[in-house]
1. Which numbered condition trips up Thr127, out of (1) under 12 Å from the mean Cα position of the chain (by Cα); (2) in a strand (DSSP E or B); (3) surrounded by 19 or more Cβ atoms within 10 Å (Cβ to Cβ)?
2. When you go through Ser57, Ser32, Ser23 one by one, which is the residue that is modelled with pLDDT of 85 or more and assigned to a loop (DSSP other than H, G, I, E, B)?
3. Pick out the one residue from Arg139, Arg148 that is at pLDDT below 95, farther than 19 Å from Ala45 by Cα, basic (Lys, Arg) and part of a loop (DSSP other than H, G, I, E, B).
4. Any residue in the range 39-56 that is surrounded by fewer than 16 Cβ atoms within 10 Å (Cβ to Cβ) and under 10 Å from the mean Cα position of the chain (by Cα)?
5. Are any of the residues in the range 107-124 modelled with pLDDT of 80 or more, surrounded by fewer than 15 Cβ atoms within 10 Å (Cβ to Cβ) and of a type in the set (Asp, Glu)?
6. Any idea which residue in the range 94-107 is farthest from the chain's Cα centre (by Cα), counting only those that are within 12 Å of Pro130 (Cβ to Cβ) and assigned to a loop (DSSP other than H, G, I, E, B)?
7. Being under 22 Å from Ser117 (Cα atoms), surrounded by fewer than 18 Cβ atoms within 10 Å (Cβ to Cβ) and hydrophobic (A, V, I, L, M, F, W, C) is the filter; apply it to the range 74-99 and report the residue that is modelled with the highest pLDDT.
Amino acid sequence: MWQRMGTIAAGLLAALQGCGGYSIEGMVIEGSFTDARIVASDDSATVEPALRGTRVSIVRDPDHMHPHMVGEATSSAEGRFRLDIGEFGAGWMEEQWLIRATKQGYRPAEQLIRLPSSAEGMLLLITLEPGAGGPMPTRENLMEEFERYR
């Protein structure tokens, strides 16, 4: 009986997670500002100049004591990338994910987004503004985070 219940529980967990996990396609373009947002895959902005070699990462729980990077990719010559996120709840839990993008000669982008429940027909569109690279913008200093959890 316990073995059967364990099999059922494992099946339910697999069904909730999905067989292949969650992934989202993306594109990095050059623009007059930095931004990251979810758009339809046929959005008119996708005709802008594509940026190859942009490092893109996604962070879960960015506002908690222990945020962790759950996906990373580099854009192709066409500016395309794919983030595979093997985390339980990706796309259906009510939560914000932090997108970071960096490329030499461009201002870094950092944006909180909510992942769509279905990434089919959707695109994570990242726009980078030319300029001095510099360090990634900080979200908050450590003392503020310490005070918040104290």
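The values are calculated or read from the model by the stated rules, or taken from the named source; none is laboratory data. Just so you know, these numbers come straight off a predicted model, no measurement behind them. Ideal geometry is used to build each Cβ from the backbone, glycine not excepted, and the neighbour counts take in all protein chains shown.
1. Of the numbered conditions (1) under 12 Å from the mean Cα position of the chain (by Cα); (2) in a strand (DSSP E or B); (3) surrounded by 19 or more Cβ atoms within 10 Å (Cβ to Cβ), the odd one out for Thr127 is (1).
2. Answer to the selection: Ser32.
3. On the way: Arg148 fails: part of a loop (DSSP other than H, G, I, E, B).
Going through Arg139, Arg148 in turn, just one is at pLDDT below 95, farther than 19 Å from Ala45 by Cα, basic (Lys, Arg) and part of a loop (DSSP other than H, G, I, E, B): Arg139.
4. no
5. Yes, the conditions are met somewhere in the range 107-124.
6. Residue satisfying both the conditions and the ranking: Gly105.
7. The extreme case among them is Phe88.
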